[in-house]
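Novice: Provided herewith is a single structure, encoded as structure tokens, for subsequent inquiry.
Bear in mind that the values in this text are calculations on the coordinates, not laboratory data. As the structure is a computational prediction, the values presented were derived from the model and not from experiment. Here Cβ is always computed from backbone atoms with ideal geometry, including for glycine, and neighbour counts include all displayed protein chains.
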């Protein structure tokens, strides 16, 4: 099957930003400036989950079913009118986008893809569990525990 240049152009126009199409291990179409640093949005979720699993493996957390409120005690007092539902958010909820953080549903009741969920996941995991700061998370956690190991540092 041949690639249609008009359809590839339509894809890039629809998607905007930057991106590429890989076929058979070769980059066959690209748009935008891929060399410029950009927001990676959803692409980081597997990395967060990797570091979550490593935290469990290293004994920093008991399991992914542990309440996030153990490291983020502010969750205990949120949403009194909803039965303090956010105190029941677990790490599993966060990595599966079902925490329902900042919405009316209870954790696990609905898929809730949101930046709030990801911010809670990042802050709780890297700043609390790994005890990094925003300024030091690359140097203290990401490089020594992933990129350096993969030879990407």
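Novice: Rounded to whole Å, give me the distance from the Cα center of region 97-119 to that of region 54-86.
Specialist: 14 Å
Novice: Once the Cα gyration tensor of the chain is diagonalised, what are the square roots of 5 times its eigenvalues, in whole Å and ordered largest first, as equivalent ellipsoid semi-axes? Could the numbers behind the result be given before it?
Specialist: On the way: eigenvalues 239, 94, 34 Å².
Working from the Cα gyration tensor, I get semi-axes of 35, 22, 13 Å.
Novice: Note the angle between two axes, namely the Cα long axis of helix 45-57 and the longest principal axis of the Cα atoms of the chain, as a number of degrees from 0 to 90, rounded to the nearest 10.
Specialist: The answer is roughly 40 degrees.
Novice: For the chain, take the longest principal axis of its alpha carbons; what is the angle in degrees between that and the long axis of helix 5-15, to the nearest 10 within 0 to 90?
Specialist: Between helix and principal axis, roughly 30 degrees.
Novice: Expressed in nm to one decimal, what extension gain is obtained for the pair residue 9 and residue 135 from 0.36 nm per residue of sequence separation less their Cα-Cα distance?
Specialist: On the way: separation 126, 0.36 × 126 = 45.36 nm, distance 3.89 nm.
41.5 nm is the gain from fully extending residue 9 to residue 135.
Novice: Along each of the three principal axes of the Cα atoms of region 62-106, give the extent in whole Å, ordering the values from largest to smallest.
Specialist: Taking max minus min along each principal axis of the Cα atoms, region 62-106 gives 29, 20, 11 Å.
Novice: Quick check on region 1-71: what does the Kirkwood estimate of hydrodynamic radius come out to from the alpha carbon pairs, in Å?
Specialist: On the way: mean 1/r = 0.0638 Å⁻¹.
One decimal place: 15.7 Å for the Kirkwood radius.
Novice: A further question on this structure: Counting other beta carbons within 10 Å of each residue's own, what order do 118, 136, 1 fall into, fewest first? Working shown, then result.
Specialist: Working: 118 19, 136 14, 1 4.
Placing the least packed residue first, the sequence is 1, 136, 118.
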